[in-house]
Structure formats: structure tokens, C-alpha cells
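To start, the structure under review is shown below, and the notes come after it.
The values are calculated or read from the model by the stated rules, or taken from the named source; none is laboratory data. Keep in mind the model is a prediction, meaning the values are calculated, not measured. Counting neighbours? That spans all protein chains shown, and the Cβs are built from the backbone with ideal geometry, glycine included.
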Amino acid sequence: MSKDSLKLENQLCFPLYAVTRQLTKIYRPLLSQFNLTYPQYLVLLALYEHQNLTVKALGERLFLDSGTLTPMLKRMEENGLVERIRSKSDERVVEVTLTEKGKNLEDRIESVPVDFMKEVKLEESEYFELKRILAKIMNQV
């Protein structure tokens, strides 16, 4: 095995890690005006798409474990964005739904993806190609 394989510049994980940090930095000011963190923004996007999801389904969709998701949902509930309701048929199951406040935020945060794209400066074709490659990797994990 060549020592070149151990060079930082030859790692795929490093630029992915660095870009993730950089993208989160771009999102921070875009979301701070709505008092949202990036993971909270992802929860809202998933709920805008599906109306209500169980905590388990939400975690699977966002690749988050319940230890991360539960405290975040609690904070979002305290801020009036979501409601967590135990299933009547199975008390182990908790469903997450948007409150009126959470629903009303949808129109306001609609500008976030557009503003984000302006900041990243990718051509539309580059954006979709990168998204396709990343989805391919995500689906293998």
C-alpha cells in the first residue's frame, strides 16, 4: 500500500467534511433571522413535505439518532414550531406535527434555498450533478 493513500489531499472524506462545515457556515446567517439552527431547518423541510412524521421516520429521513433528535424537537416544541404527540395505539410511538407558527414560517423561509444558491456560486448543472453523486454515496451507507 502506497503512503500516498494516507495523504490528506488524497482523502475524499476531508473535502466532504470541510465543505459541510463551510455550507453550515453559509446557512447560519440565512437561518438566524428565523431563530433556526440548520438541523431544525431540516426538520421543518421534512414536515413541510410530509405534514407529520414519527420521530423514528424523521430520524431515518434526516440520518439523525433519537438522542440527537429528541432534545432538538423538545426545543422546537418549546419555541412553538412543532408538537409531539404520543400515538394512542402505541405509546412508544411519538408523532411530530407542525403548529400554526411552524406552518406560517414556510412562506418566510422559502427564500433560504435561493439565497443559499447565490452564496455557493455553483452552476445549476454542477449543483444537480453534485447532489446526484452525494445521494449515490448516501444510499450506500
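For the reader, a short list of remarks on this structure follows.
- Remark: pairs (first residue in region 10-24, over 17 Å from Ala135 (Cα atoms); second residue surrounded by 12 or more Cβ atoms within 10 Å (Cβ to Cβ) and not hydrophobic (A, V, I, L, M, F, W, C); Cβ separation under 9 Å; 6+ apart in sequence or on different chains) = Thr24/Tyr38.
- The requirement of being β-branched (Val, Ile, Thr), within 17 Å of the chain's Cα centre (by Cα) and farther than 26 Å from Leu12 by Cβ is satisfied by Thr54.
- Within region 43-73, considering residues that are touching a helix residue (DSSP H, G or I) at 6+ places or on another chain (Cβ under 8 Å) and either aromatic (Phe, Trp, Tyr) or outside any helix (DSSP H, G or I) (or both), the one nearest to Ile85 (Cα to Cα): Leu53
- Test for Gln40: is it touching a residue at least 40 places away in the same chain (Cβ under 8 Å), in contact with a helix residue (DSSP H, G or I) (Cβ under 8 Å, 6 or more places away or on another chain) and of a type outside the set (Asp, Glu): yes
- Subset of region 75-96 (residues that are part of a loop (DSSP other than H, G, I, E, B) and farther than 25 Å from Tyr41 by Cβ): Ser87, Lys88, Ser89, Asp90, Glu91, Arg92
- Comparison of Phe14, Phe34 shows that the only residue that is surrounded by 12 or more Cβ atoms within 10 Å (Cβ to Cβ), at negative phi, in a loop (DSSP other than H, G, I, E, B) and of a type outside the set (Lys, Arg) is Phe34.
- Some residue of region 107-122 being of a type outside the set (Phe, Trp, Tyr), more than 19 Å from Lys25 (Cα to Cα) and within 19 Å of the chain's Cα centre (by Cα): yes
- Only residues that are closer than 13 Å to Leu45 by Cα and not in a helix (DSSP H, G or I) were counted in region 97-116, giving 3.
- Cross-chain or 6+ apart pairs with Cβ under 7 Å, region 100-122 first and farther than 12 Å from Tyr48 by Cβ and surrounded by 10 or more Cβ atoms within 10 Å (Cβ to Cβ), then at pLDDT 95 or above and not hydrophobic (A, V, I, L, M, F, W, C): Lys101/Gly80; Phe116/Tyr27
- Check on Val82, under 28 Å from Ala135 (Cα atoms) and without any contact (Cβ under 8 Å) to a residue 40 or more places away in the chain: yes
- Residue under evaluation Glu49, criteria (1) over 15 Å from the mean Cα position of the chain (by Cα); (2) exposed (fewer than 15 other Cβ atoms within 10 Å of the Cβ), criterion not met: (1)
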